[in-house]
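The values are calculated or read from the model by the stated rules, or taken from the named source; none is laboratory data. Since we're looking at a predicted model, the values are computed, not measured. Cβ atoms come from the backbone with ideal geometry, glycine included; neighbour counts cover every protein chain shown.
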Amino acid sequence: MTGWEAERIDLKGMTLPELERFLSRWGKERYRARQLFRWIYQRFAGDFDGMTDLSKEFRGLLTGSCRISGPAAERVEVSVDGTEKYLFRLEDGEAVESVLIPDDGRRTLCISSQVGCALGCGFCATGAMGFRRDMTSAEIVHQACFAAKRLEGRGERLSNVVFMGMGEPLQNVPEVSRAIEILLSQYGFGLSGKRVTVSTAGIVPEMLRMAERYPVSFAVSVNAPRDELRSHLMPINRKYPLRDLVAAMKRVPLRSGRKVTAEYVLLSGVNDAPEDARALALLFRGSRIKVNLIPFNPHDGGRYAAPGRETADRFREILVGAGIQAITRERRGEDIRAACGQLRGSVHKYGNRTGGSGGVAAGGGAPHSRT
Ligand code: SAH
Ligand code: SF4
(Lines give C-alpha, C1' and ligand atoms only; values in the text may rest on other atoms or scores of the structure.)
(Ligands and ions follow the chains in the order given, each with its own letter.)
Protein backbone atom coordinates (compact mmCIF):
# COMPACT_ATOMS: atom_id res chain seq x y z
CA MET A 1 0.00 0.00 0.00
CA THR A 2 1.33 3.42 -0.87
CA GLY A 3 1.17 6.38 1.49
CA TRP A 4 -1.52 7.90 -0.67
CA GLU A 5 -3.69 4.82 -0.34
CA ALA A 6 -3.31 4.87 3.43
CA GLU A 7 -4.68 8.40 3.48
CA ARG A 8 -7.85 7.43 1.66
CA ILE A 9 -10.77 6.59 3.93
CA ASP A 10 -11.50 2.89 4.24
CA LEU A 11 -15.20 2.20 3.71
CA LYS A 12 -14.84 -1.43 4.76
CA GLY A 13 -15.63 -1.86 8.44
CA MET A 14 -17.96 1.15 8.73
CA THR A 15 -21.44 0.27 9.96
CA LEU A 16 -24.39 1.29 7.79
CA PRO A 17 -25.23 4.37 9.92
CA GLU A 18 -21.56 5.37 9.89
CA LEU A 19 -21.44 5.07 6.11
CA GLU A 20 -24.70 7.03 5.80
CA ARG A 21 -23.24 9.81 7.93
CA PHE A 22 -20.03 9.78 5.95
CA LEU A 23 -21.82 10.08 2.60
CA SER A 24 -24.21 12.75 3.87
CA ARG A 25 -21.26 15.13 4.00
CA TRP A 26 -21.31 14.96 0.22
CA GLY A 27 -25.05 15.42 0.20
CA LYS A 28 -25.63 11.79 -0.78
CA GLU A 29 -28.93 10.10 0.03
CA ARG A 30 -29.11 7.30 2.59
CA TYR A 31 -29.85 4.63 0.01
CA ARG A 32 -26.40 5.28 -1.48
CA ALA A 33 -24.89 3.76 1.65
CA ARG A 34 -27.05 0.68 1.23
CA GLN A 35 -25.88 0.37 -2.38
CA LEU A 36 -22.25 0.56 -1.31
CA PHE A 37 -22.86 -1.91 1.50
CA ARG A 38 -24.23 -4.44 -0.99
CA TRP A 39 -21.24 -3.96 -3.26
CA ILE A 40 -18.78 -4.46 -0.44
CA TYR A 41 -20.40 -7.33 1.51
CA GLN A 42 -22.57 -9.11 -1.04
CA ARG A 43 -20.51 -8.67 -4.19
CA PHE A 44 -17.15 -8.32 -2.43
CA ALA A 45 -16.00 -5.33 -4.47
CA GLY A 46 -12.41 -4.22 -3.92
CA ASP A 47 -12.76 -0.91 -5.80
CA PHE A 48 -15.42 1.41 -7.16
CA ASP A 49 -14.97 0.88 -10.90
CA GLY A 50 -17.60 -1.83 -11.36
CA MET A 51 -20.30 -0.11 -9.27
CA THR A 52 -22.48 0.49 -12.28
CA ASP A 53 -25.50 1.70 -10.32
CA LEU A 54 -23.51 4.72 -9.13
CA SER A 55 -22.88 7.66 -11.43
CA LYS A 56 -19.47 8.02 -13.00
CA GLU A 57 -19.01 11.25 -11.15
CA PHE A 58 -19.77 9.66 -7.75
CA ARG A 59 -17.45 6.75 -8.53
CA GLY A 60 -14.71 9.25 -9.35
CA LEU A 61 -15.30 11.03 -6.07
CA LEU A 62 -15.13 7.75 -4.16
CA THR A 63 -11.99 6.58 -5.97
CA GLY A 64 -10.31 9.89 -5.20
CA SER A 65 -10.83 9.87 -1.47
CA CYS A 66 -11.92 6.38 -0.36
CA ARG A 67 -10.82 2.78 -0.57
CA ILE A 68 -12.11 -0.71 0.25
CA SER A 69 -9.37 -2.55 2.10
CA GLY A 70 -8.74 -6.25 1.62
CA PRO A 71 -5.64 -7.74 3.20
CA ALA A 72 -4.16 -10.46 1.05
CA ALA A 73 -4.49 -14.08 2.08
CA GLU A 74 -0.84 -14.93 2.01
CA ARG A 75 -1.50 -18.58 2.45
CA VAL A 76 -4.51 -20.83 1.92
CA GLU A 77 -4.33 -24.39 3.21
CA VAL A 78 -6.91 -27.05 2.52
CA SER A 79 -7.28 -30.05 4.82
CA VAL A 80 -8.08 -33.56 3.64
CA ASP A 81 -11.43 -33.13 5.44
CA GLY A 82 -12.28 -29.97 3.46
CA THR A 83 -11.46 -27.51 6.26
CA GLU A 84 -9.59 -24.47 4.98
CA LYS A 85 -7.21 -22.18 6.82
CA TYR A 86 -6.35 -18.66 5.63
CA LEU A 87 -3.40 -16.60 6.78
CA PHE A 88 -3.97 -12.88 6.25
CA ARG A 89 -1.10 -10.44 6.17
CA LEU A 90 -2.40 -7.19 7.62
CA GLU A 91 -1.28 -3.78 6.41
CA ASP A 92 1.18 -3.32 9.28
CA GLY A 93 2.77 -6.72 8.65
CA GLU A 94 0.96 -8.60 11.44
CA ALA A 95 -0.75 -11.86 10.53
CA VAL A 96 -3.96 -13.58 11.63
CA GLU A 97 -5.69 -16.79 10.71
CA SER A 98 -9.28 -17.81 9.93
CA VAL A 99 -10.70 -21.27 9.44
CA LEU A 100 -13.60 -22.32 7.20
CA ILE A 101 -15.35 -25.50 8.28
CA PRO A 102 -17.73 -27.23 5.85
CA ASP A 103 -20.23 -29.43 7.64
CA ASP A 104 -23.23 -30.86 5.80
CA GLY A 105 -25.21 -27.81 4.68
CA ARG A 106 -23.30 -25.38 6.88
CA ARG A 107 -20.24 -23.34 6.01
CA THR A 108 -18.89 -21.97 9.27
CA LEU A 109 -16.12 -19.40 9.37
CA CYS A 110 -14.06 -19.11 12.52
CA ILE A 111 -12.66 -15.57 12.64
CA SER A 112 -10.01 -13.74 14.63
CA SER A 113 -10.64 -10.50 16.52
CA GLN A 114 -7.19 -9.67 17.90
CA VAL A 115 -3.59 -10.28 16.90
CA GLY A 116 -2.59 -12.52 19.81
CA CYS A 117 -4.43 -12.43 23.12
CA ALA A 118 -3.71 -10.89 26.51
CA LEU A 119 -5.54 -13.47 28.60
CA GLY A 120 -2.77 -16.05 28.60
CA CYS A 121 -4.73 -19.29 29.00
CA GLY A 122 -2.08 -21.94 29.47
CA PHE A 123 -3.41 -24.42 26.91
CA CYS A 124 -3.86 -22.00 23.99
CA ALA A 125 -1.41 -21.26 21.17
CA THR A 126 -2.79 -17.73 20.70
CA GLY A 127 -2.41 -17.07 24.41
CA ALA A 128 1.23 -18.13 24.21
CA MET A 129 1.85 -15.38 21.60
CA GLY A 130 0.83 -12.66 24.02
CA PHE A 131 -1.18 -9.60 22.95
CA ARG A 132 -0.02 -7.66 19.92
CA ARG A 133 -2.98 -5.49 18.98
CA ASP A 134 -6.73 -5.27 18.43
CA MET A 135 -7.96 -5.91 14.91
CA THR A 136 -10.03 -3.22 13.19
CA SER A 137 -13.61 -3.88 12.12
CA ALA A 138 -12.36 -3.79 8.50
CA GLU A 139 -9.85 -6.54 9.22
CA ILE A 140 -12.43 -8.56 11.11
CA VAL A 141 -15.14 -8.45 8.42
CA HIS A 142 -12.65 -8.89 5.61
CA GLN A 143 -12.13 -12.47 6.79
CA ALA A 144 -15.81 -13.06 6.04
CA CYS A 145 -15.64 -11.23 2.69
CA PHE A 146 -12.73 -13.40 1.62
CA ALA A 147 -14.36 -16.68 2.63
CA ALA A 148 -17.78 -15.74 1.22
CA LYS A 149 -16.22 -14.79 -2.11
CA ARG A 150 -14.36 -18.09 -2.29
CA LEU A 151 -17.55 -19.97 -1.45
CA GLU A 152 -19.53 -18.04 -4.03
CA GLY A 153 -17.03 -19.19 -6.64
CA ARG A 154 -18.19 -22.74 -6.06
CA GLY A 155 -21.89 -21.97 -5.66
CA GLU A 156 -21.88 -22.03 -1.84
CA ARG A 157 -22.76 -19.50 0.83
CA LEU A 158 -21.23 -18.55 4.13
CA SER A 159 -23.83 -19.66 6.68
CA ASN A 160 -22.27 -19.17 10.14
CA VAL A 161 -19.60 -17.01 11.71
CA VAL A 162 -17.98 -17.82 15.05
CA PHE A 163 -15.55 -15.54 16.91
CA MET A 164 -13.40 -18.48 17.94
CA GLY A 165 -10.20 -17.66 16.11
CA MET A 166 -7.37 -15.63 17.58
CA GLY A 167 -8.09 -13.22 20.39
CA GLU A 168 -10.73 -12.45 22.98
CA PRO A 169 -13.61 -10.66 21.18
CA LEU A 170 -14.92 -9.10 24.40
CA GLN A 171 -11.61 -7.32 24.91
CA ASN A 172 -12.12 -5.57 21.56
CA VAL A 173 -15.77 -4.64 21.91
CA PRO A 174 -15.94 -1.48 19.72
CA GLU A 175 -14.47 -3.14 16.62
CA VAL A 176 -16.19 -6.49 17.20
CA SER A 177 -19.53 -4.67 17.61
CA ARG A 178 -19.09 -2.93 14.27
CA ALA A 179 -18.25 -6.27 12.65
CA ILE A 180 -21.33 -7.87 14.22
CA GLU A 181 -23.56 -5.08 12.88
CA ILE A 182 -22.21 -5.70 9.37
CA LEU A 183 -22.63 -9.48 9.69
CA LEU A 184 -26.24 -9.05 10.85
CA SER A 185 -27.25 -6.24 8.48
CA GLN A 186 -29.61 -7.26 5.70
CA TYR A 187 -27.53 -5.09 3.37
CA GLY A 188 -24.35 -6.73 4.67
CA PHE A 189 -24.02 -10.47 5.23
CA GLY A 190 -27.62 -10.82 6.36
CA LEU A 191 -26.85 -13.49 8.96
CA SER A 192 -29.32 -14.14 11.77
CA GLY A 193 -28.10 -13.80 15.34
CA LYS A 194 -28.36 -17.55 15.75
CA ARG A 195 -25.66 -17.93 13.15
CA VAL A 196 -23.20 -15.52 14.71
CA THR A 197 -21.50 -16.80 17.84
CA VAL A 198 -19.23 -14.80 20.11
CA SER A 199 -16.86 -17.05 22.03
CA THR A 200 -15.48 -15.60 25.24
CA ALA A 201 -13.19 -16.62 28.05
CA GLY A 202 -15.81 -15.06 30.32
CA ILE A 203 -15.63 -11.25 30.49
CA VAL A 204 -18.91 -11.15 32.38
CA PRO A 205 -20.01 -7.48 32.13
CA GLU A 206 -19.17 -7.24 28.44
CA MET A 207 -21.00 -10.46 27.71
CA LEU A 208 -24.16 -9.20 29.39
CA ARG A 209 -23.90 -5.86 27.62
CA MET A 210 -23.39 -7.47 24.24
CA ALA A 211 -26.32 -9.81 24.85
CA GLU A 212 -28.50 -6.74 25.44
CA ARG A 213 -27.35 -5.07 22.24
CA TYR A 214 -27.25 -7.90 19.71
CA PRO A 215 -29.24 -11.10 19.26
CA VAL A 216 -26.06 -13.15 18.82
CA SER A 217 -25.28 -16.53 20.37
CA PHE A 218 -22.53 -17.04 22.92
CA ALA A 219 -19.98 -19.72 23.62
CA VAL A 220 -18.22 -19.49 26.95
CA SER A 221 -14.90 -21.21 27.51
CA VAL A 222 -15.54 -22.77 30.89
CA ASN A 223 -12.85 -25.47 30.91
CA ALA A 224 -12.98 -26.27 34.62
CA PRO A 225 -15.75 -26.80 37.19
CA ARG A 226 -13.87 -25.31 40.16
CA ASP A 227 -12.36 -21.87 40.69
CA GLU A 228 -8.95 -23.06 41.79
CA LEU A 229 -8.39 -25.14 38.68
CA ARG A 230 -10.03 -22.59 36.39
CA SER A 231 -7.88 -19.75 37.71
CA HIS A 232 -4.84 -21.91 37.10
CA LEU A 233 -5.86 -22.65 33.48
CA MET A 234 -7.48 -19.28 32.73
CA PRO A 235 -6.14 -16.36 34.81
CA ILE A 236 -9.22 -14.24 33.91
CA ASN A 237 -11.15 -16.43 36.36
CA ARG A 238 -9.62 -14.45 39.23
CA LYS A 239 -11.52 -11.41 38.00
CA TYR A 240 -14.74 -13.17 36.97
CA PRO A 241 -15.06 -16.37 39.00
CA LEU A 242 -17.29 -19.31 38.07
CA ARG A 243 -20.25 -18.31 40.17
CA ASP A 244 -20.61 -14.94 38.42
CA LEU A 245 -19.85 -16.48 35.06
CA VAL A 246 -22.43 -19.24 35.30
CA ALA A 247 -25.02 -16.79 36.63
CA ALA A 248 -24.38 -14.59 33.59
CA MET A 249 -24.64 -17.57 31.25
CA LYS A 250 -28.02 -18.36 32.73
CA ARG A 251 -29.13 -14.73 32.49
CA VAL A 252 -28.35 -14.18 28.82
CA PRO A 253 -31.87 -14.21 27.46
CA LEU A 254 -32.71 -17.35 25.57
CA ARG A 255 -35.52 -15.76 23.58
CA SER A 256 -35.56 -16.01 19.79
CA GLY A 257 -33.52 -19.16 19.81
CA ARG A 258 -30.39 -17.58 21.22
CA LYS A 259 -27.97 -20.19 22.42
CA VAL A 260 -25.39 -20.26 25.17
CA THR A 261 -22.87 -23.02 24.86
CA ALA A 262 -20.20 -23.98 27.35
CA GLU A 263 -16.89 -24.95 25.79
CA TYR A 264 -14.79 -27.40 27.75
CA VAL A 265 -11.30 -28.29 26.53
CA LEU A 266 -10.50 -31.77 27.83
CA LEU A 267 -6.97 -31.92 29.24
CA SER A 268 -5.76 -35.36 30.21
CA GLY A 269 -5.31 -35.79 33.95
CA VAL A 270 -6.16 -32.12 34.57
CA ASN A 271 -9.91 -31.58 34.15
CA ASP A 272 -11.21 -34.84 32.69
CA ALA A 273 -12.00 -36.91 35.81
CA PRO A 274 -15.53 -38.25 36.47
CA GLU A 275 -15.84 -35.94 39.48
CA ASP A 276 -15.08 -32.97 37.22
CA ALA A 277 -17.96 -34.03 34.97
CA ARG A 278 -20.26 -34.35 37.97
CA ALA A 279 -19.23 -30.93 39.31
CA LEU A 280 -19.81 -29.41 35.87
CA ALA A 281 -23.26 -30.99 35.64
CA LEU A 282 -24.09 -29.48 39.02
CA LEU A 283 -23.05 -26.01 37.85
CA PHE A 284 -25.37 -26.17 34.83
CA ARG A 285 -28.26 -28.00 36.44
CA GLY A 286 -31.63 -26.60 35.49
CA SER A 287 -30.28 -24.41 32.70
CA ARG A 288 -30.47 -24.78 28.94
CA ILE A 289 -26.70 -24.55 28.60
CA LYS A 290 -25.23 -27.08 26.19
CA VAL A 291 -21.71 -28.38 26.62
CA ASN A 292 -19.22 -28.75 23.77
CA LEU A 293 -16.34 -30.97 24.78
CA ILE A 294 -13.16 -30.22 22.85
CA PRO A 295 -10.33 -32.72 23.22
CA PHE A 296 -7.14 -30.68 23.60
CA ASN A 297 -5.45 -29.91 20.29
CA PRO A 298 -1.69 -30.03 20.53
CA HIS A 299 0.52 -27.13 19.45
CA ASP A 300 4.16 -26.20 19.87
CA GLY A 301 4.94 -25.50 23.48
CA GLY A 302 1.67 -27.00 24.73
CA ARG A 303 2.34 -28.98 27.87
CA TYR A 304 -1.03 -30.71 27.90
CA ALA A 305 -2.43 -33.79 26.17
CA ALA A 306 -5.88 -34.90 25.07
CA PRO A 307 -7.51 -37.74 27.01
CA GLY A 308 -8.20 -41.05 25.31
CA ARG A 309 -11.57 -41.65 23.69
CA GLU A 310 -12.85 -43.73 26.59
CA THR A 311 -12.18 -40.97 29.11
CA ALA A 312 -13.81 -38.38 26.84
CA ASP A 313 -16.84 -40.64 26.31
CA ARG A 314 -17.18 -41.26 30.02
CA PHE A 315 -17.07 -37.54 30.73
CA ARG A 316 -19.80 -36.88 28.18
CA GLU A 317 -21.96 -39.75 29.45
CA ILE A 318 -21.89 -38.38 32.99
CA LEU A 319 -23.11 -35.00 31.73
CA VAL A 320 -25.82 -36.55 29.57
CA GLY A 321 -26.84 -38.82 32.46
CA ALA A 322 -27.31 -35.71 34.58
CA GLY A 323 -29.61 -34.19 31.96
CA ILE A 324 -27.06 -31.85 30.35
CA GLN A 325 -26.85 -31.80 26.57
CA ALA A 326 -23.25 -32.53 25.60
CA ILE A 327 -21.38 -33.34 22.43
CA THR A 328 -17.73 -34.02 21.75
CA ARG A 329 -16.45 -31.80 19.02
CA GLU A 330 -14.93 -33.55 16.08
CA ARG A 331 -11.39 -32.52 15.30
CA ARG A 332 -11.24 -30.69 12.01
CA GLY A 333 -8.34 -29.64 9.86
CA GLU A 334 -5.82 -31.42 12.01
CA ASP A 335 -3.35 -31.88 9.15
CA ILE A 336 -3.20 -28.11 8.61
CA ARG A 337 -3.28 -27.16 12.32
CA ALA A 338 -6.61 -25.40 11.95
CA ALA A 339 -8.24 -26.76 15.09
CA CYS A 340 -9.31 -24.73 18.13
CA GLY A 341 -6.41 -23.25 20.00
CA GLN A 342 -3.85 -23.91 17.28
CA LEU A 343 -4.06 -20.55 15.55
CA ARG A 344 -1.17 -18.24 16.03
CA GLY A 345 -0.81 -16.17 12.89
CA SER A 346 2.47 -17.44 11.58
CA VAL A 347 3.45 -19.61 8.68
CA HIS A 348 4.58 -22.94 10.04
CA LYS A 349 6.02 -26.08 8.67
CA TYR A 350 3.04 -28.38 9.04
CA GLY A 351 0.72 -27.37 6.22
CA ASN A 352 1.40 -29.12 2.96
CA ARG A 353 -1.73 -28.80 0.87
CA THR A 354 -1.58 -25.24 -0.24
CA GLY A 355 -4.20 -23.84 -2.60
CA GLY A 356 -3.96 -20.57 -4.52
CA SER A 357 -5.34 -17.56 -2.69
CA GLY A 358 -7.93 -16.83 -5.33
CA GLY A 359 -8.55 -20.37 -6.40
CA VAL A 360 -11.27 -22.80 -5.61
CA ALA A 361 -10.29 -25.32 -3.00
CA ALA A 362 -10.22 -28.99 -3.68
CA GLY A 363 -12.30 -31.36 -1.60
CA GLY A 364 -15.92 -30.76 -0.70
CA GLY A 365 -15.57 -31.50 2.98
CA ALA A 366 -16.77 -34.66 4.57
CA PRO A 367 -19.85 -34.21 6.72
CA HIS A 368 -18.79 -34.18 10.35
CA SER A 369 -20.77 -33.06 13.31
CA ARG A 370 -19.61 -29.80 14.78
CA THR A 371 -22.04 -27.54 16.50
N1 SAH B 1 -10.90 -16.02 23.35
C2 SAH B 1 -12.10 -16.69 23.06
C3 SAH B 1 -12.22 -17.18 21.66
C4 SAH B 1 -11.01 -17.85 21.05
S5 SAH B 1 -10.51 -19.38 21.76
C6 SAH B 1 -12.33 -17.82 24.06
O7 SAH B 1 -11.43 -18.13 24.82
O8 SAH B 1 -13.43 -18.36 24.06
C9 SAH B 1 -11.72 -20.50 21.08
C10 SAH B 1 -11.84 -21.81 21.83
O11 SAH B 1 -10.68 -22.62 21.66
C12 SAH B 1 -12.04 -21.67 23.33
O13 SAH B 1 -13.15 -22.41 23.73
C14 SAH B 1 -10.77 -22.26 23.92
O15 SAH B 1 -11.04 -22.81 25.18
C16 SAH B 1 -10.41 -23.28 22.86
N17 SAH B 1 -9.00 -23.69 22.87
C18 SAH B 1 -7.93 -22.92 23.09
N19 SAH B 1 -6.78 -23.66 22.99
C20 SAH B 1 -7.17 -24.91 22.72
C21 SAH B 1 -6.45 -26.13 22.46
N22 SAH B 1 -5.12 -26.18 22.48
N23 SAH B 1 -7.17 -27.25 22.19
C24 SAH B 1 -8.53 -27.20 22.13
N25 SAH B 1 -9.23 -26.08 22.32
C26 SAH B 1 -8.57 -24.95 22.62
FE1 SF4 C 1 -7.19 -15.86 24.58
FE2 SF4 C 1 -9.30 -17.52 24.20
FE3 SF4 C 1 -6.77 -18.40 23.89
FE4 SF4 C 1 -7.66 -17.80 26.34
S5 SF4 C 1 -8.44 -19.44 24.99
S6 SF4 C 1 -5.67 -17.21 25.48
S7 SF4 C 1 -8.98 -16.07 25.90
S8 SF4 C 1 -7.78 -16.85 22.67
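When the strands (runs of 3 or more DSSP E) confined to segment 99-161 are screened for residues that are more than 16 Å from ligand 2 (Cβ to nearest atom) and either of a type in the set (D, E, K, R) or closer than 25 Å to His232 by Cα (or both), those reaching at least 1 such residues are found at 106-110.
On inspection, Asp104 does not qualify as charged (D, E, K, R) and over 24 Å from Glu330 (Cβ atoms). Whether a residue is touching a residue at least 60 places away in the same chain (Cβ under 8 Å) and either assigned by TED's automatic domain parsing to the domain that holds Gln342 or within 16 Å of ligand 2 (Cβ to nearest atom) (or both) was assessed, and Lys250 does not pass this test.
The rows are residues; the columns are (1) out of contact with any Cys (no Cβ under 8 Å at 6 or more places or on another chain); (2) outside any loop (DSSP other than H, G, I, E, B); (3) of a type outside the set (Ser, Thr, Tyr).
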| position | (1), (2), (3) |
| --- | --- |
| Trp39 | yes, yes, yes |
| Asp47 | yes, no, yes |
| Leu61 | yes, yes, yes |
| Gly70 | no, no, yes |
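Restricting segment 299-334 to residues that are within 16 Å of ligand 2 (Cβ to nearest atom) and either without any contact (Cβ under 8 Å) to a residue 24 or more places away in the chain or of a type in the set (D, E, K, R) (or both) leaves a set whose member that is surrounded by the most Cβ atoms within 10 Å (Cβ to Cβ) is Arg329. Looking across segment 68-103 at every residue that is under 18 Å from the mean Cα position of the chain (by Cα) and among the basic types (Lys, Arg), the one that is nearest to Gly13 (Cα to Cα) is identified as Arg89. In segment 163-186 there is no residue that is within 16 Å of ligand 2 (Cβ to nearest atom) and free of Cβ contacts under 8 Å to residues at least 24 places away in the same chain.
Of the residues making up segment 50-73, just one is surrounded by fewer than 16 Cβ atoms within 10 Å (Cβ to Cβ) and in contact with a helix residue (DSSP H, G or I) (Cβ under 7 Å, 6 or more places away or on another chain), namely Asp53. Considering segment 109-147, and only residues there that are over 26 Å from Gly188 (Cβ atoms) and of a type in the set (Phe, Trp, Tyr), the residue that is surrounded by the fewest Cβ atoms within 10 Å (Cβ to Cβ) turns out to be Phe131. Entry remark, segment 57-94: residues being touching an Asp or Glu at 6+ places or on another chain (Cβ under 8 Å), of a type outside the set (A, V, I, L, M, F, W, C) and more than 28 Å from Gly116 (Cβ to Cβ) number 2 in total.
Of all the listed residues (Glu175, Glu168), the sole one being assigned by TED's automatic domain parsing to the domain that holds Arg213, under 14 Å from Ile140 (Cα atoms) and either more than 10 Å from ligand 1 (Cβ to nearest atom) or among the hydrophobic types (A, V, I, L, M, F, W, C) (or both) is Glu175. Annotation note: Cβ proximity below 9 Å between a residue of segment 107-125 that is at positive phi and a residue that is part of a helix (DSSP H, G or I) and near ligand 1 (Cβ under 8 Å from one of its atoms) (sequence gap 6+ or interchain) occurs for Gly116/Thr126; Gly116/Gly127; Gly120/Gly127.
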